[in-house]
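Since every read-out is calculated from the coordinates, none of them should be taken as a lab result. Nothing here was measured: the structure is a model prediction, and the numbers come from that model. Note that each Cβ is placed from the backbone with ideal geometry, even for glycine, and that neighbours are counted across all protein chains shown.
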Amino acid sequence: MDIGGINLVTLLATLIVASVPILMAALGEMVVEKSGTLNLGVEGMMIMGAVTGFVVAVTTGNPVLGFLGGAAAGAAMAGLFALLTQVLLANQVASGLALTLFGLGLSSLMGQGWNGIRPPLTGDVPLGPLADIPVLGPILFSHDWMVYLSLILVVAIWWFLRATRAGLILRAVGESHEAAHALGYKVRRIRTGAILFGGAMAGMGGAYVSLVRVPQWTDGITSGAGWIALAIVVFASWKPWRVLMGAWLFGGISVLQLNLQAAGSRIPVEYLTMSPYIITILVLVLISSGRGRAMGAPADLGKTFHASH
Amino acid sequence: MTGSDTLLRVEGLTKAYPGVVANSEVGFSLRPGEVHALLGENGAGKSTLVKMIYGLVTPDSGRMVLSGQDFAPDRPATARRAGVAMVFQHFSLFDALTVAENVALGMEAPPPMRDLARRIRETSATYGLPLDPARIVGDLSAGERQRVEIIRCLLQDPKLLIMDEPTSVLTPQEVDILFKTLRKLSAEGTAILYISHKLEEIRTLCDHATILRRGKVVATCVPRDRTARELAELMVGAVLTPPARAATPKGEVMLEVTGLSAPSPIPFGTALKDIRLSVRKGEVLGIAGVAGNGQDELLLALNGELRSAPDALRIGGQPVGDKGPEARRLAGLVSAPEERLGHAAAPDMTLTENALLSGAIRQKLVRHGFIDWTKVRAFANTIIRDFDVRTPGTEVAARALSGGNLQKFVVGRELSQGSEVIVINQPTWGVDAAASAFIRQAILDRAAGGAAVVVISQDLDELLEIADSFAALNEGRLSPPRPVAGLTVEEIGLMMGGAHGMEVAHDAA
């Protein structure tokens, strides 16, 4: 099972874990974008979730409370974004970028004095004999509960958007806010709800980075994961299953990169560091060129809704 | 008319917006099964009135009584529960969703999708409006899209159906089908509130009419007993004079398009297919068509925003198919697109700046890269004076002008540039009758002065009034142009694509 000094089973098992933060954030952002709002502040919401989750978990000694704290912090950041874009009708792109910069700064301030501490352990879910199956066991059945939660959320969100009335209304609002408004749906309220959900998801994803992935607190710990999440939503054509594939792909690349380094390969680490931003630029170009529509973007994505009556 | 005899009574309804009273003490009443017309010019307050009945707008004062009970809907859902349904002027549909999903969004408690699909099929067959529930709405024709809206209303068994300008997007044949459906509904006891400014339609369809002018009820009448001209004068409050035209001899061909095909740059747009036309000096070519059959794309292809092969388009014999808008302006072609705010004019720039944007080249307003503001202001002033644009001055943002005044400005800007070829899309869309008459006269005057003019419009009456020859766009194809003299409405309807292949089920009735 070893290829070029890399163990395939370990690689697959780690890539599933590595993809959780991106997957959570991307799922949340996908719901936000489906409702017609483009929130570029995913990175900021994630890192706020990371620092808050870390502080809460260390203080209480309970990782579950840590994840809830992370979700709350992400939602609070999203609430700020919702206030700016839905109530004060500010530009979404600028507000989102500001949110990220604000989050990076604030998290750094909040995290002072929390460096070098180990958070309480988030244990694996005991799946008994399943975990002992060769190959499949380590890959699929020996992870912590957040991994399984994120996979359940993929299914839940897919089902919500596809089969429920609330999901249909959410898609309709993103498709044409004017028409939705004419039919009597509360466009801003629905969008605000989606934005808060997206924030909570990003916050949880961030908390996963500081509580499980790393696990400790350092400045800028999310290192571009939010930007990758944003890009995945677009490349996944706003479809949950493809978001999962995208998250695994990017998770795989980051794990592989570490493994390659360990195996003595010489790909400079800077390429990976800059990749989220290059991809984000590509994504923004795609959305604003009108090509996004053909890829399945919601028609009113990024447009400010201004009720005419 | 009291008690059970009246379905809806409206009394003293008033709604004011900052700076304008949209409705003032409006009142009328409606019996079950009655087809009632609301007649008035753009801005007369028809839309505000029905939005109040549908719960989208809350009145400042006045009251409504529906089926003997006080009726004050605070939102559309309340109105829908009370049995009021509305078909919108600008469709309230979602392009990327299916027919069934669109219908479900307009219902209070939709059944599961499978049942809904079956009911859509049944109801649409019953009323002669066949529809496939699984199709994506963005791919439907304008007539079919309207069916989606109507079926959405009918599935809720409305007592009152409000229709806001339903026929502006239909071919004459499709209008016939719609009228049959509406008559069937009315025979079943559904009251219909029908908004339009098309007088002949109202005379054929409606039992009563309430005429609004500047937010007030100015008359009520039985439309069958009046002539269209009498109705128009009630509506406008003045005597109308049709535009005068002199029969001018036509000169050489100024604009020639041969075999022009281009994909649409607009999502869910219509590609242009093998367009052929030629316009002579002094000639007005009218191009009709149901909305979304390639009008916007044709304008883009003519004005240079959409390029084609060099030889596909010639201005005065010069091949310019691969040239952009500036080169075409130099060659003598000016154009006014349909969308005033954002396409014809930059909303937040002043009239002076907007005059510069399109006039810079032909009026030589820029010298050595510097703008000659004195000259620009003079040009803007000329337009304002010649076209009677009501504005406090030239330094006002385009957005601040009313629709009619801005339209006069953008049309005037193009007509004032002394060019040989003029292309205008929807010259009088959303413009009141007096301003419309003025714009049409100005177009005819330019033609009399030797310009070749292409007018794209969805208003058939307008085209028949000003055009010398007539063609229609249907799914991106242009019918061969024919002289207007001697054309019948039936023939025009067929040129526009008949009922778009959707003949049906009314034969049984």
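Kindly work out what percent of the DSSP beta bridges joining two residues of the stretch B:3-236 are antiparallel, to the nearest 5.
55
Counting other beta carbons within 10 Å of each residue's own, what order do A:Tyr271, B:Tyr54, A:Tyr277, A:Tyr185 fall into, fewest first?
Listed from fewest to most nearby Cβ atoms, that is A:Tyr271, A:Tyr277, A:Tyr185, B:Tyr54.
Which lysines does B:Lys15 reach when only Cα atoms under 27 Å apart count, and residues fewer than 8 places away in its own chain are ignored?
A:Lys186, B:Lys46, B:Lys51, B:Lys159, B:Lys198, B:Lys216
Report the one residue of B:Asn354, B:Gly83, B:Ile371 whose Cα lies farthest in the direction of the positive end of the charge dipole of chain B (charges on C-beta: Lys and Arg +1, Asp and Glu -1; origin at the Cα centre).
Of the candidates, B:Ile371 comes out farthest on the positive side.
Counting pairs on different chains as well as pairs 8 or more places apart, how many Lys pairs in the stretch B:253-495 have Cα atoms under 27 Å apart?
Lysine pairs meeting both conditions in the stretch B:253-495 amount to 9.
Residue by residue through the stretch B:124-136, what is 3J(HN,Hα) from phi via Karplus (6.51 cos²θ - 1.76 cosθ + 1.60, θ = phi - 60°)? Round to whole Hz and write x for glycine and proline.
In residue order, the calculated couplings are 5, 6, 4, 9, x, 10, x, 8, 9, x, 8, 6, 7 Hz.
Hey, what's the per residue convex hull volume over the C-alpha atoms of the stretch B:253-495, in cubic angstrom?
Roughly 117 Å³ of hull volume per residue.
Residue by residue through the stretch B:288-296, which ³J(HN,Hα) values in whole Hz follow from phi under the Karplus form 6.51 cos²θ - 1.76 cosθ + 1.60 (θ = phi - 60°), with glycine and proline marked x?
Karplus values, whole Hz, x for Gly and Pro: 9, x, 6, 3, x, 9, x, 4, 4.
Using θ = phi - 60° and the Karplus curve 6.51 cos²θ - 1.76 cosθ + 1.60, what whole-Hz ³J(HN,Hα) does each residue of the stretch A:258-264 get, with Gly and Pro shown as x?
Karplus-based 3J(HN,Hα) across the stretch A:258-264 equals 4, 4, 4, 4, 4, 7, x Hz.
Over all alpha-carbon pairs of chain A, lay out the pair-distance distribution in 20 Å bins, whole %, shortest bin first.
34, 56, 9, 0
Just need log10 I(q)/I(0) for chain B at q = 0.05, 0.10, 0.12, 0.13 Å⁻¹, Debye formula, equal scatterers on the alpha-carbon atoms, no solvent, rounded to two decimals.
For chain B at q = 0.05, 0.10, 0.12, 0.13 Å⁻¹, log10 I(q)/I(0) is -0.21, -0.85, -1.18, -1.33.
Among B:Ile315, A:Ile169, rank each residue by its count of other Cβ atoms within 10 Å, from fewest to most, as a rough exposure measure.
Ordered by Cβ neighbours within 10 Å, fewest first: A:Ile169, B:Ile315.
When the Cα centres of the stretch B:361-426 and the stretch A:140-215 are compared, how far apart do they sit, in Å?
49
For chain A, what does the helix formula give at 222 nm: sum of -39500 (n - 2.57) over DSSP H segments with n ≥ 4, over the residue count, nearest 500 deg cm²/dmol?
Calculated mean residue ellipticity at 222 nm is -22000 deg cm²/dmol.
From the square roots a ≥ b ≥ c of the eigenvalues of the alpha-carbon gyration tensor of the stretch A:87-237, which class results: rounded (a/c under 1.5), prolate (a/b over b/c), or oblate?
oblate
By the scheme Lys and Arg +1, Asp and Glu -1, what is the net charge of all other residues having a beta-carbon under 13 Å from that of A:Tyr277?
Taking every Cβ under 13 Å from that of A:Tyr277, the sum is -2.
Largest first and in whole Å, what are the equivalent-ellipsoid semi-axes of the protein assembly as shown based on the Cα gyration tensor, each being the root of 5 times an eigenvalue?
One finds semi-axes of 55, 34, 25 Å for the protein assembly as shown.
Considering Cα pairs under 8 angstrom that are at least six residues apart, work out the relative contact order of chain B and quote it in whole percent.
It rounds to 16 percent for chain B.
Give the percent of DSSP beta bridges with both residues in chain B that are antiparallel, rounded to the nearest 5.
Once the DSSP bridges in chain B are tallied, antiparallel ones form about 50 percent.
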